[in-house]
Amino acid sequence: MKPMRVIDSHTEGEPTRMIVSGGPDLGTGSMAERRALFRERFDPVRSFAVDEPRGHEAMVGALLCEPVDRAHAAGLIFFNNVGFLGMCGHATIGAAVTLHHMGRIGLGRHCFETPVGVVSVNLLSRHAVEIENVASDRYLSTVSVTVPGLGQVTGDVAWGGNWFFLTDHAGPALTMKNIPELTRTAEAIKRALAEAGITGRDGAEIDHIEIFGAPESPGARSRNFVLCPGSAYDRSPCGTGTSAKLACLAAAGKLQAGEEWVQESIVGSRFAARYRLDDEGRIIPTITGHAFVVSEATLHADPDDPFLHGFRR
Ligand code: PYC
């Protein structure tokens, strides 16, 4: 493995590690094809980059790629401590701020290719980014599942670039002190959904669980706890999770196009969100958040390192 240059940022508290050079050569296909190749042939590179001891369980990676369409600013492939993501809202915001830090993009509008579609980004300032996500939708409404220790939990299944089960008031209060218990609760819900055969479209695994409660800060409409695949919780309000939430609110007639929804995370950070309807009536979410570059580093792959390909619990 070549030395790998990475730039780390956080978006509303959630980390992103962007691989800017030294990543795997994935050819020139679409981001979905390159992600498949990354998963099949280079998974040890993923764990090298984000798992301990070079990373940690909350670290989300973004491999910077040449876009297929030269009019686009970049291609991005997202991954975490256990595998690959479709889209990642916080990491897209982090990538925009990082590319600006590198002098690769200026303020204003840019398009990024992702494995699930093209996402448009408006870099409003050095730190503030508005992303227009892929079309999002509520797939199943008012689904009930029996969760050991919790009883019946009811929620919606929605797509926001990843698959989510969204439920109100399941388990303990949404406080930082309760994060271990919230994690166990969300893991139990995820297991129960899988055992009950409840999936996203085409049998897709529901790999994100989102629990909602009352917000704490003025102006916020809701607070969430989001369990990501790999059992880390999202420190940000989760861009794809907030998109899924907008889709559910819109489908329930509880949020109109253009109306603002401020989503607060379990650590108290916020995304401002709204949606528009495209020509086909699909929900196109816009999420605004802030990111900060925190470090630049070169990761060295020493063949004698017993943890060359990382470890995780
Ligand atoms: O912001 O979409 C997001 C996200 C997904 C997983 C972690 N963050």
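The values are calculated or read from the model by the stated rules, or taken from the named source; none is laboratory data. All values reported here derive from a predicted model rather than from experimental measurement. We place every Cβ from the backbone using ideal geometry, glycine too, and count neighbours over all the protein chains shown.
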Next item on the list: Within the stretch 13-35, count every residue that is farther than 24 Å from Asp234 by Cα and part of a helix (DSSP H, G or I).
Entry: 2
Checklist line | Subset tally (residues that are of a type in the set (A, V, I, L, M, F, W, C), more than 12 Å from the ligand (Cβ to nearest atom) and touching a Leu at 6+ places or on another chain (Cβ under 9 Å)) for the stretch 46-75 | finding: 7
Next item on the list: Output the number of the condition that Glu205 fails; it satisfies all remaining conditions of (1) within 16 Å of the ligand (Cβ to nearest atom); (2) assigned to a loop (DSSP other than H, G, I, E, B); (3) under 26 Å from Arg274 (Cα atoms); (4) acidic (Asp, Glu).
Entry: (3)
Notebook entry, point to check: In the stretch 96-116, is there at least one residue being buried (at least 24 other Cβ atoms within 10 Å of the Cβ), farther than 15 Å from Gly61 by Cβ, modelled with pLDDT of 95 or more and among the β-branched types (Val, Ile, Thr)?
Noted result: yes
Next item on the list: Residue by residue through the stretch 126-142, note down the ones that are more than 10 Å from Ala96 (Cα to Cα) and either of a type in the set (A, V, I, L, M, F, W, C) or in contact with a helix residue (DSSP H, G or I) (Cβ under 9 Å, 6 or more places away or on another chain) (or both).
Entry: Asn133, Val134, Ala135, Ser136, Asp137, Arg138, Tyr139, Leu140, Ser141
Item checked: Qualifying residue in the stretch 222-231 (condition: without any contact (Cβ under 8 Å) to a residue 40 or more places away in the chain, assigned to a loop (DSSP other than H, G, I, E, B) and out of contact with any strand residue (DSSP E or B) (no Cβ under 8 Å at 6 or more places or on another chain)) -> no
Item checked: When residues of the stretch 117-147 are limited to those that are in contact (Cβ under 8 Å) with a residue 12 or more places away in the chain and among the small types (Gly, Ala, Ser), the one surrounded by the fewest Cβ atoms within 10 Å (Cβ to Cβ) -> Ser125
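Test of understanding: among Ala257, Ala297, Ala273, Ala291, which residue is among the aliphatic types (A, V, I, L, M), surrounded by fewer than 15 Cβ atoms within 10 Å (Cβ to Cβ) and assigned to a strand (DSSP E or B)?
Numbers: Ala257 fails: assigned to a strand (DSSP E or B); Ala273 fails: surrounded by fewer than 15 Cβ atoms within 10 Å (Cβ to Cβ); Ala291 fails: surrounded by fewer than 15 Cβ atoms within 10 Å (Cβ to Cβ).
Step by step, each of Ala257, Ala297, Ala273, Ala291 is checked, and only Ala297 is among the aliphatic types (A, V, I, L, M), surrounded by fewer than 15 Cβ atoms within 10 Å (Cβ to Cβ) and assigned to a strand (DSSP E or B).
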Check: Does any residue of the stretch 100-123 turn out to be part of a strand (DSSP E or B), away from the ligand (no atom under 16 Å from the Cβ), in contact with an Asp or Glu (Cβ under 8 Å, 6 or more places away or on another chain) and among the small types (Gly, Ala, Ser)?
Finding: no
Item checked: Hits in the stretch 83-99 (condition: in a helix (DSSP H, G or I) and within 16 Å of the ligand (Cβ to nearest atom)) -> Gly89, His90, Ala91, Thr92, Ile93, Gly94, Ala95, Ala96, Val97, Thr98
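Taking the stretch 164-180, which residues are among the hydrophobic types (A, V, I, L, M, F, W, C) and without any contact (Cβ under 8 Å) to a residue 60 or more places away in the chain? Don't jump to the end; show me each part of the working.
Looking only at the stretch 164-180, we keep the residues that are among the hydrophobic types (A, V, I, L, M, F, W, C), and these are 164-166, 170, 173-174, 176, 179.
Within the stretch 164-180, Phe165, Ala170, Ala173 meet the criteria.
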Next item on the list: Check off (1) on the phi < 0 side of the Ramachandran plot; (2) buried (at least 17 other Cβ atoms within 10 Å of the Cβ) for Ile179 and give me the number that stays unchecked.
Entry: (2)
Checklist line | For Phe42: the one exception among (1) among the aromatic types (Phe, Trp, Tyr); (2) surrounded by fewer than 23 Cβ atoms within 10 Å (Cβ to Cβ); (3) in contact (Cβ under 8 Å) with a residue 40 or more places away in the chain | finding: (3)
Note to self: Looking at (1) of a type in the set (S, T, N, Q); (2) in a helix (DSSP H, G or I); (3) without any contact (Cβ under 8 Å) to a residue 40 or more places away in the chain, which one does Thr183 not meet, given that it meets all the others?
What the structure shows: (3)
Next item on the list: Could you run through the stretch 182-198 and say how many residues are under 17 Å from Ser265 (Cβ atoms) and surrounded by fewer than 19 Cβ atoms within 10 Å (Cβ to Cβ)?
Entry: 1
